[in-house]
Amino acid sequence: MRNVTPWGENLITNFEGCVLKAYRCSAGVLTIGVGHTSAAGSPVVTAGMVITRDQAMAILRADLDKFEAGVERLLKRPAKDCEFDALTSLAFNIGLGNLSGSTVLRKHNAGDTQGAADAFLAWNKARVKGVLTPLAGLTRRRNSERLAYLGIRDLDFDGRKDSGEPVYGLRVTFEDNMADEVQVAFEAELAGSAFA
């Protein structure tokens with residue numbers, strides 16, 4: 001089974017955050033750890049639930065296994081690492097069912113890279129008090145995922161391509177694999193590049 005790269009895991013972790021006490025996300029769903037909800041499977045999230053950081057990372061790995069396998073099943077053509085990371089991050093946030101019917105997936109499977117990348121931007125809304133509303137955090141996430149899909153690592157997760165941000169195919173090392181402690185070391189990695 002294919003896995004997201006360490007960069008892809010960091011992309012997801014940065015936007016989901018790691019919260020060790022259950023809370024309600026902007027859509028009102030009980031969430032814990034790195035974006036884990038009961039819909040993703042065990043453990044069921046309950047009000048007042050508390051977990052450790054190690055438990056949060058173990059739950060994330062189990063959740064990622066499901067989403068990585070699901071994205072892999074939906075692909076009708078190969079995906080570069082950068083594309084797979086972005087698609088898995090999107091699926092982690094919107095669900096595999098929504099990804100399966102999305103323009104993002106349809107355009108990816110048709111080989112329309114730019115069209116697929118641009119289609120990420122449509123997924124920036126959540127229901128707030130029953131109304132589908134664009135959210136700044138989702139807009140930033142979709143822009144970062146779009147850049148990732150195109151092979152650009154958005155190191156500061158601001159959703160904008162900045163000068164000096166590396167492309168996939170450069171090794172990026174994260175201390176503690178958390179975005180709040182991003183320590184970057186670049187090393188050219190020509191063989192096996194996402195652009196090879």
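General remarks:
For every residue, the table says whether it meets (1) out of contact with any strand residue (DSSP E or B) (no Cβ under 8 Å at 6 or more places or on another chain); (2) of a type in the set (Val, Ile, Thr); (3) assigned to a loop (DSSP other than H, G, I, E, B); (4) in contact (Cβ under 8 Å) with a residue 60 or more places away in the chain.
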| residue | (1), (2), (3), (4) |
| --- | --- |
| Val4 | yes, yes, yes, yes |
| Ile32 | no, yes, no, no |
| Ser42 | yes, no, yes, no |
| Ala47 | no, no, yes, no |
| Ala56 | no, no, no, no |
| Arg61 | yes, no, no, no |
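- The residue of the range 144-165 that is farthest from the chain's Cα centre (by Cα), among those that are surrounded by 18 or more Cβ atoms within 10 Å (Cβ to Cβ) and acidic (Asp, Glu), is Asp154.
- Of residues in the range 65-82 being part of a helix (DSSP H, G or I) and in contact with a helix residue (DSSP H, G or I) (Cβ under 7 Å, 6 or more places away or on another chain), the one farthest from Met1 (Cα to Cα): Cys82
- Breaking point among (1) assigned to a helix (DSSP H, G or I); (2) in contact (Cβ under 8 Å) with a residue 40 or more places away in the chain, for Gly97: (2)
- Any hit, the range 179-191, residues being within 24 Å of Leu64 (Cα to Cα), of a type in the set (A, V, I, L, M, F, W, C), modelled with pLDDT of 65 or more and not in a helix (DSSP H, G or I): no
- Tally of residues being touching a His at 6+ places or on another chain (Cβ under 8 Å) and small (Gly, Ala, Ser) across the range 57-90: 1
- Annotation note: of Phe174, Phe195, the sole residue that is modelled with pLDDT under 50, in contact with a strand residue (DSSP E or B) (Cβ under 8 Å, 6 or more places away or on another chain), within 22 Å of Phe84 (Cβ to Cβ) and not β-branched (Val, Ile, Thr) is Phe195.
- Close pairs from the range 134-154: first under 14 Å from Leu90 (Cβ atoms), partner assigned to a strand (DSSP E or B), Cβ under 7 Å, at least 6 apart: Leu138/Lys125; Leu138/Ala126
- Condition check for Leu105 on (1) closer than 14 Å to Val4 by Cα; (2) buried (at least 16 other Cβ atoms within 10 Å of the Cβ): one failure, at (1).
- Restricting attention to the range 124-143, the residues being surrounded by fewer than 17 Cβ atoms within 10 Å (Cβ to Cβ), of a type outside the set (A, V, I, L, M, F, W, C) and assigned to a loop (DSSP other than H, G, I, E, B) number 2.
- Applying the set (1) within 30 Å of Leu20 (Cα to Cα); (2) assigned to a helix (DSSP H, G or I); (3) out of contact with any Phe, Trp or Tyr (no Cβ under 7 Å at 6 or more places or on another chain); (4) not hydroxyl-bearing (Ser, Thr, Tyr) to Asp85 leaves exactly one unmet item: (3).
The values are calculated or read from the model by the stated rules, or taken from the named source; none is laboratory data. Please read these numbers as outputs of a predicted model, since none were measured by experiment. Note that we place each Cβ from the backbone using ideal geometry, even for glycine, and neighbour counts take in every protein chain shown.
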